[in-house]
Every structure is written in structure tokens, then in C-alpha cells.
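Each remark here refers to the structure printed beneath this line.
The values are calculated or read from the model by the stated rules, or taken from the named source; none is laboratory data. As the structure is a computational prediction, the values presented were derived from the model and not from experiment. Reconstructed Cβ throughout: ideal geometry from the backbone, glycine too, with neighbour counts over all protein chains shown.
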Amino acid sequence: MTLRIGDRVLNPGEKHEARISLGSRPDGTPLSMPVMGIAGARPGPVLGLVTGIHGDEYEGPEAVREILQSIQPGELSGGIIATPIANVPAYEVFGRAAPVDGLDLNRQFPGNAAGFLSPRIAETLVREVVEQSNALIDLHSAGLAYDLLPYTGFNDSPTDAGRASLEMAKAFGIPILYGSTPFANVLRLEAVKREIPVILVEVGGEARLRPDGVATMVRGIRNVLSQLGMIDEPQEGLPAEYTIVKAPPGGEFSHVDTGGFIRNQTSLGALVDAGQVLGTIVDVFGHEITTLTAPIAGMVLSYRTVPVVRTGEWGYSVVEITGTSPVSDTARS
């Protein structure tokens, strides 16, 4: 195993932090991406941890910092490479996207080293983190305007990497597993192209740092490290059974046709019928403009908690429940 953090190749038993240059701000001060790494004392795989792709999501960055600070090289087989804040320009303005180009970083992969800033960040992430990893975890939350039911997304393709992705998702320990094939221009697709097992973790929302969400992510990352044989400790908090969900054919997000004020009438995790009322949109006088209904029978996975909504934004996501699955036989105890 060779692990490079910036320009430095780590020796076994070494930790290192670096800032990968992205250029400079208009005043000439450096613009960079922080990267952290641990080279374990023993050989093994490299786990990549990416978080902070959106600047208004905070549980993931705090969990990554806690993991990198708490794990010592002597207890680790293999290595960990992580960026606690992938999108520094968005982080600086507490926003989903960097204000310099307004682009969603998680729609810019594989990136462009000679493009706008967000594609440059994407290219750097692929080169510095993805291409050094044998397994990858992409950590997110719902951001400023939304909340969600925690879930772990896995690559449901019938390949070795897809099957390994499912086992990683189970090991993480969140009871809701979301099966999907990564679509164009997202980070996870870059892992799939390289046959790297990858999972997407979604915990928390409303741009708040929730301690229970951080704890869920820290426990989940340690569980995956255990499942990969990188640390010698039991997996904790595994559910007796997982619920498997997927997006319906038309997509999980319901976009609104008019602006206004949402009055919510459902809850996260609620099981709803097709056509069931999820909420209403009213105008500034309180007059009802339209009703928002479930497009399918399924589970409410996320919704908008900032009640003011603009035309074209989404209000709710409803996913199909496809079945259940027991804990993997490979879970270590």
C-alpha cells in the first residue's frame, strides 16, 4: 500500500495533513482543499472518505475529523485518506454551491482541471482521493432547506463492486438501504468506473450539527473499517433487518409548480399511498394555491423544512420499498 497526501508519501505508522492547491482568490491568498491521511502500521486496503461536497452539510465533516483524530496508526491495517471539506468556497458561504460559479459540485465529475472552479475541485477529488482508494464513503446530509430519514445508498449493479458496496452499506448500520446505480456526473460514478466499492451516507439536515448524526456516522465508519479488516473491533449498532428502497421510475423528488408557503402534513419515514396529501402550498394571505400529493405508494424519505418554496424546487421525496434484508453473514462480532 502506498498512500500519498499532497506531495508527501506516508511511511507506515504516519499521519499527515495537507492543503492541495486549487489556485488563489482575487486578493492573491491561497485557495486549497484540505486532505488528511493515516498510513497504518500494517498492510491493507485504503478507505477514502469524502465529505463537505456541499458547504451547508456539517455532520460528515465533524465525523471525519473525529475518525482521523481518534484512530492511531498502530491499530490500523491499510490507510485512510479523507477530505473533511471538499468544497471550501461553498463552505465559506454556508451554501450548497460555490458562489464563484454557482455549480453543484456533485454534478461536475469527473471534473476539468482547466474549467470553472467547481469542475477543478471535482478533478482534484478524483485524482487525490478516489484514485488512491480501494473503497469509498461519500458522506452527506440534507443541507439548509431540507431534512431526511437517515439512509445508506449502495450500488445495486450485479458486479463484484456492487455486491461489495451492499456489504459495506449493511456494515455501516443504518436500517434504510437505498439501492441505485450512480448516475452521470456524481462522485460515486467515478468509483464505479474504477470498480471501487462505494456507498453514499445521508444523515442530518437543516444545516445543523446534530450530535446524534455525528455519532451515527462515526460508528458507521468504524463498522466499515472493521468489515474491511482494517481495525480489530466488533461492529456496533447493526439492526436486525434492513429495509431496501429505490427511486420510482419518475424519480423520487416531487418538484412544485408554484411558489408559496408549504404547510406540511406528513413525517419522515411515513408510509403513504399514491395520491395521499403530503402538504399544501398557500399564498401570503393563507389562501391555498395547490396540494402536494405522493406520486406513488412508498416511504417519505426527505422533505423541505424551510417552508418558503419557489417554482421548480422540490418539496418531498417518496421512494419505493422493494423488500427487506437480514444482516450480512460477513458482519463481524
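Descriptive notes on the structure:
- Number of the condition not met by Ile174 [criteria: (1) assigned by TED's automatic domain parsing to the domain that holds Asn106; (2) β-branched (Val, Ile, Thr); (3) more than 17 Å from the chain's Cα centre (by Cα)]: (3)
- Whenever a residue of region 61-73 is over 16 Å from Leu10 (Cα atoms) and not assigned by TED's automatic domain parsing to the domain that holds Pro211, it has no partner that is assigned to a helix (DSSP H, G or I) and among the hydrophobic types (A, V, I, L, M, F, W, C) lying with C-beta atoms less than 9 angstrom away and at least six residues away or across chains.
- Pairs where the first residue, in region 74-97, is under 19 Å from Met1 (Cα atoms) and the second is of a type in the set (Lys, Arg), C-beta under 8 Å, 6+ apart: Leu76/Arg42; Ser77/Arg42; Gly78/Arg42
- Residue check, Phe154 modelled with pLDDT under 95 and either under 30 Å from Arg304 (Cβ atoms) or part of a loop (DSSP other than H, G, I, E, B) (or both): no
- Among the candidates Ile196, Ile244, Ile231, Ile221, the residue that is among the hydrophobic types (A, V, I, L, M, F, W, C) and closer than 30 Å to Glu313 by Cβ is uniquely Ile244.
- Within region 282-306, the residues that satisfy the criterion of being assigned to a loop (DSSP other than H, G, I, E, B) and either of a type in the set (A, V, I, L, M, F, W, C) or outside the structural domain of Val256 (by TED's automatic domain parsing) (or both) are Val284, Phe285, Ala294, Ile296, Ala297, Val306.
- Criterion violated by Pro89 - all others in (1) farther than 23 Å from Val46 by Cβ; (2) touching a Leu at 6+ places or on another chain (Cβ under 8 Å); (3) surrounded by 24 or more Cβ atoms within 10 Å (Cβ to Cβ) satisfied: (3)
- Of the numbered criteria (1) within 28 Å of Val319 (Cβ to Cβ); (2) surrounded by fewer than 19 Cβ atoms within 10 Å (Cβ to Cβ); (3) touching a helix residue (DSSP H, G or I) at 6+ places or on another chain (Cβ under 8 Å), the one Pro99 fails is (1).
- Being assigned by TED's automatic domain parsing to the domain that holds Val218 and touching a Leu at 6+ places or on another chain (Cβ under 8 Å) is not true of Thr29.
- Screening the candidates Gly28, Gly55, Gly79, Gly60 for the property of being buried (at least 22 other Cβ atoms within 10 Å of the Cβ) and part of a loop (DSSP other than H, G, I, E, B) yields one hit, Gly55.
- Cβ-Cβ distances below 8 Å connect no pair with a first residue in region 125-137 that is under 18 Å from Ala63 (Cα atoms), a second residue that is surrounded by fewer than 20 Cβ atoms within 10 Å (Cβ to Cβ) and β-branched (Val, Ile, Thr), and a separation of six or more residues or different chains.
- Any hit, region 206-226, residues being assigned to a strand (DSSP E or B) and in the same structural domain as Thr83 (by TED's automatic domain parsing): no
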